[in-house]
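Step one of this worksheet: look at the structure below.
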Amino acid sequence: MSKKALVVEDDVNIAELLMLYLEKDGFEVSIAHDGGRGIDMFNEISPDLVLLDIMMPVMDGMQVCREIRKTSSVPIIMLTAKGAVGDKVAGLDIGADDYITKPFEVKELLARIHAVMRRSEADTAPKEKKLCYDKLIINLDSYELIVDGVKVDTPPKEMELLYHLAASPNIVFTRNQLLDEVWGFDYFGDSRTVDVHIKRLREKLEGVSPQWSLQTVWGVGYKFEVVK
């Protein structure tokens, strides 16, 4: 399915030029020639990208950007003849993803479009909660622990504790930090709970690989140590 782009630009020639190149790049393009119509069309078509002029009738680009940002994180690139640093900073501060000064090179514009689209897709993609080390897979999405190729039954809190430690290798966590970050700040249990869970994890993991281990840092806490 092609991506949808909304061009909000009062200069007819520039708008048609942008439409030509965006369509060649695979976008389905809609055009609005003033800010008010731009907002209406944004709500009608829910575009994947907005190219937004600043100096426009009815509603300027800054106002349009603010309105869009009330409900959407869609990538917005501002196109304008106003090239002062203060203008660029103002545009970025209200939520634009990029700011290109007219006149611009079409190749540069397309490169900027591809960059903001990649960032947007990366931000919205679900983050996989899976860590892999030598002979060890910790999959918090499925709550599966694979040790040396064998699935090991592991209670949820043990899984969460191991994942938390392994996600920050060689970082030492105190017992209180682990209670706050794994059990939750409102947990009122004994800090020895952490010790018990570490002991059970060690029984499952000890000696599996020389490349990593669960280590006690005496007087401080615990870490998932990885050999560098």
Subject >> Normalised per residue, the volume of the convex hull around the Cα set of the chain (Å³) >> reply: 201 Å³
Original post:
Looking at segment 96-164, which trypsin sites (Lys or Arg not before Pro) are DSSP coil and have at most 11 other C-beta atoms within 10 Å of their C-beta?
Top reply: K127
Original post:
How large, in percent, is the carbon and sulfur part of the accessible surface of the chain at a probe radius of 1.4 Å?
Top reply: 52 percent
Original post:
Which shape class applies to segment 1-69: rounded if a/c is under 1.5, otherwise prolate when a/b exceeds b/c and oblate if not, where a ≥ b ≥ c are the square roots of the Cα gyration tensor eigenvalues?
Top reply: oblate
Subject >> For segment 1-121: rounded, prolate or oblate by the Cα gyration tensor [a/c cutoff 1.5] >> reply: rounded
Original post:
Mind checking which of G38, G207, G61 has the largest fluctuation in a GNM of the chain, springs on alpha carbons under 10 Å?
Top reply: G207
**OP:** Would you compute, from DSSP H runs of 4+ residues alone, the mean residue ellipticity of the chain at 222 nm, taking -39500 (n - 2.57) per run and dividing by the full residue count, rounded to the nearest 500?
**Re:** -12000 deg cm²/dmol
**OP:** Could you run the Debye sum over the Cα atoms of segment 36-83, one equal point scatterer each and no solvent, and tell me log10 of I(q)/I(0) at q = 0.13, 0.23, 0.27, 0.33 Å⁻¹, two decimals?
**Re:** -0.25, -0.81, -1.10, -1.49
Original post:
For segment 146-228, what class follows from the C-alpha gyration tensor (a ≥ b ≥ c being the square roots of its eigenvalues): rounded when a/c is under 1.5, otherwise prolate if a/b is larger than b/c, else oblate?
Top reply: oblate
**OP:** Give the accessible surface of segment 93-228 per residue, rounded to a whole number of Å², with probe radius 1.4 Å and ligands, DNA and RNA excluded.
**Re:** 60 Å²
Original post:
Within the chain, what percent of beta bridges assigned by DSSP are antiparallel, to the nearest 5?
Top reply: 55 percent
Original post:
For segment 106-121, what does the Karplus curve 6.51 cos²θ - 1.76 cosθ + 1.60, with θ = phi - 60°, yield as ³J(HN,Hα) per residue in whole Hz, taken in order and with x for Gly and Pro?
Top reply: 4, 4, 5, 4, 4, 5, 5, 4, 4, 5, 5, 5, 4, 4, 5, 5
Original post:
Looking at this model, which pairs from K3/K157; K129/K199; K3/K151; K24/K129 are more than 32 angstrom apart at the alpha-carbon?
Top reply: K3/K157; K3/K151; K24/K129
**OP:** Just need the relative contact order of the chain here, percent rounded to a whole number, with Cα pairs under 8 Å and 6+ apart.
**Re:** 11 percent
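The values are calculated or read from the model by the stated rules, or taken from the named source; none is laboratory data. The structure displayed is predicted, hence computed values, not measured ones. Don't worry about glycine lacking a Cβ; one is built from the backbone with ideal geometry, like all the others, and counts go over all protein chains shown. The protein model used for the area step is the full one, side chains on, heavy atoms only, and it has no ligands, DNA or RNA in it. Shrake-Rupley method; radii C 1.70, N 1.55, O 1.52, S 1.80 Å.
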